[in-house]
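Here's the structure we're looking at; comments come further down.
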Amino acid sequence: MKQSSGRRNRRISGGRKSFVGFVGWPAEDALARFKGAKLLDLDNSYPDVQPVSGEDLPNNVCHIVKQVVSNALSLPLEAVVIDDGPGKCDMAGMAGRMLADKLTIPVIFAPNENKEGCGTAISDSTLPTAEKARRILDGLTIPAKMDDVVYETHPPVAVWGVPAADLGLYDLFPDGTRLLGWFRCLENRTPDNEEMEWDVLPGVPTVFFAQTFCHKNILAKHLAKIHGGLYVDADGVITGSVKAKIEAFLKFNR
């Protein structure tokens, strides 16, 4: 299955370094225990990792959680660290407990309760939307480039939700699109921030997105209804139908 460049489809390289996988954005003190190891975001797609079978997970599990399990079972990891608190989801937590039974390496549950944000400069910037997505997600493991980040005072549109498995979603949006929802919380390093996640921009056309089978579809659909936005979901790759809906919404609402 073809994926967009950026967060998805990363190649493993680390020389003599050990690898530690993480899920969501776990408590940073738990990750700090593995200083010197190369951190791998298990939400990503990596080459040569076989998709998990129906023998391990039911079909009604979102694409991201399936990807997490596939990576954890296939990659040469020293440990897995999971945010199993409200900042991630119950499915990821349950998948983590299944992995703890199947793997011989430590699986560490480290809910992130941080409430002191580091800001949302990239989400709020004039940058191309796909570039924003890549920088935020890359910034979980390496410092993000910030010298060209400029605040967008009049965002043309907004996109709310979790990071899409297919980053091609963000190519559909104009430069300066505001990133909202859990994606924004992730940049802020406060994944359990309900007030920020619910925040919208009154009067700004907004697409509300969630992965198929994700519990956040309930919130996405609700917010789209009360704010006059567009609700869409996708299971992995963004289909032509979903693209057409977004393009039509943007065309007639900008």
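Each reported figure results from applying straightforward, stated rules to the coordinates on display, with no laboratory input. These numbers were taken from a predicted model, which means no experiment stands behind them. Neighbour counts run over all protein chains shown; Cβ positions are idealised from the backbone, glycine included.
Sorting check: for 89-95, 145-151, which peptide has the highest mean count of neighbouring beta carbons within 10 Å, and how do the rest follow?
So the peptides 89-95, 145-151, ranked by packing, come out 89-95, 145-151.
Enumerate the calculated ³J(HN,Hα) couplings along region 48-60 in order (Karplus 6.51 cos²θ - 1.76 cosθ + 1.60, θ = phi - 60°), each rounded to whole Hz, writing x wherever the residue is Gly or Pro.
Taking θ as phi minus 60°, the curve returns 6, 8, 7, x, 5, 8, x, 6, 9, 9, x, 5, 8 Hz for region 48-60.
Using Cβ counts within 10 Å as a stand-in for footprinting exposure, how do 215, 154, 227 rank, fewest first? Could the numbers behind the result be given before it?
Numbers: 215 13, 154 7, 227 17.
Final ranking by Cβ density, sparse to dense: 154, 215, 227.
Expressed as cubic angstrom per residue, what is the convex hull volume of the alpha carbon set of region 92-222? Don't skip to the answer; put the middle values down first.
Working: hull volume 17.1 nm³, N = 131.
Value for region 92-222: 130 Å³ per residue.
Whose amide H sits under 5 Å from the amide H of residue 178, counting only residues 5 or more places off or on another chain, with H placed in the peptide plane?
157, 158, 159
Specify which residue in the list 207, 220, 87 is farthest towards the positive end of the charge dipole of the chain, using unit charges on the beta carbon of Lys, Arg (+1) and Asp, Glu (-1), about the Cα centre.
Positive-end residue among those listed: 207.
Can you classify the chain as rounded, prolate or oblate using the Cα gyration tensor, where a ≥ b ≥ c are the square roots of its eigenvalues, rounded means a/c under 1.5, and otherwise it's prolate if a/b beats b/c and oblate if not? Can you show the working numbers first?
On the way: a/c = 1.72, a/b = 1.47, b/c = 1.17.
Cα axes put the chain in the prolate bin.
Based on other C-beta atoms within 10 Å, arrange 129, 104 from fewest to most. Numbers along the way, then the final one.
Values: 129 24, 104 4.
Ranking 129, 104 by Cβ neighbours within 10 Å, fewest first, gives 104, 129.
Post the alpha-carbon centroid distance, region 147-168 to region 204-218, in whole angstrom.
15 Å
Could you bin all the Cα-Cα distances of region 19-109 into 10 Å bins starting at 0 and give me the percent of pairs in each, rounded to whole numbers?
Taking all Cα pairs of region 19-109, the binned fractions are 17, 56, 25, 2 percent.
I'd like the distance between the alpha-carbon centres of region 125-146 and region 21-57, rounded to an integer number of Å.
19 Å
Which entries of 145/251; 38/132; 115/221 show an alpha-carbon separation above 29 angstrom in the structure shown?
Numbers: 145/251 31 Å; 38/132 23 Å; 115/221 26 Å.
Violating the 29 Å Cα-Cα cut-off are 145/251.
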